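Structure first, then comments.
No lab work stands behind these numbers, since they all come straight from the coordinates. All values reported here derive from a predicted model rather than from experimental measurement. Here the Cβ positions follow ideal geometry from the backbone for every residue, glycine too, while neighbour counts run over all protein chains shown.
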Amino acid sequence: MAENQKFNYTELIASSLNGNQKSLETLIKNIQDKVYNLSVRYLWNTMDAEDATQEILLKVLTNLSKFRGESSFTTWVYRVATNYLLNMKRTLVEDLTFEEGEQHLKKGMGYPAYEKADTDLLEEEVKIACSTSMLICVSRPLRLTYLLGEILEFDSNEGAYILEIEPATFRKRLSLARKRIRGFMAKQCGIYDPKNPCRCSKQINYCLEVDWFKPNTLKFADKGKVEQAKREIETFMSDAAIFQSHPYYATPDGVLESIKSLLNNNNFPLLINKK
């Protein structure tokens, strides 16, 4: 993936390491959404993703002097992020299996289709929540490999650098993750294959009944309207297109405010240039 050319990260990093808080804040603003979007797709739960994003950004800042330019800066940020995500405490939602997911979908199909004014919004919520939960059903290493290789479109060399593995291992993991996710979608998902009976609109009433979300407190569809969600999935019918149709989420304001508070209180002695 190409480095974002809009910002001169070399100058921002140098200025940040010399204690310029404005540069630090600019640096954070330009990487936080990347970290948050990776965390949401990896963890499913937006609150967990918000907490993880804050911790990852703090790790980026406190290890900034260790960046040696062996990769683009954003690639290095993803390396820090994936290392944190791989080693964080497992969440309850990560116990979900494909078999359990299939049972939930079968139950949902027994409910009548939701037919109210907010159907489109809730259908989008179901689509994103359901497809993201499929990622949870694969192991952490496979999940991150899939996110990096299929969704973020890193090549095997970049992906291997981020995960600190060999390119051949990255390719094998990506192939296995694709096989498992596509295998489930091919049997269940009506977006992936219209021949399948499952429809997002049919799952809404079930999701509401089991309290997976509420119309006024959605986790996904009402967040991050930074970019309009893509609609090519009906044309391409591929697993990657379904995941890439998710909106690009804006990091919750509380993350940046918490870090700015720490910066303003001079709680980052490691940021003084020690290269």
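Across the range 9-271, the mean sequence separation of Cα contacts (distance under 8 Å, 6 or more residues apart), normalised by length, yields a relative contact order of 25 percent. Inter-part distance, the range 1-80 to the range 124-141, computed on C-alpha centroids, equals 24 Å. When only DSSP loop residues count, what trypsin sites (Lys or Arg not before Pro) in the range 20-112 have their Cβ near at most 11 other Cβ atoms within 10 Å? Counting only loop positions with at most 11 other Cβ atoms within 10 Å, the trypsin sites (Lys or Arg not before Pro) in the range 20-112 are R68, K89, R90. Here the Karplus relation 6.51 cos²θ - 1.76 cosθ + 1.60, evaluated at θ = phi - 60°, turns the backbone of the range 131-145 into coupling constants of 5, 5, 5, 4, 5, 4, 6, 9, 4, 4, x, 5, 4, 5, 4 Hz, with x for every Gly and Pro.
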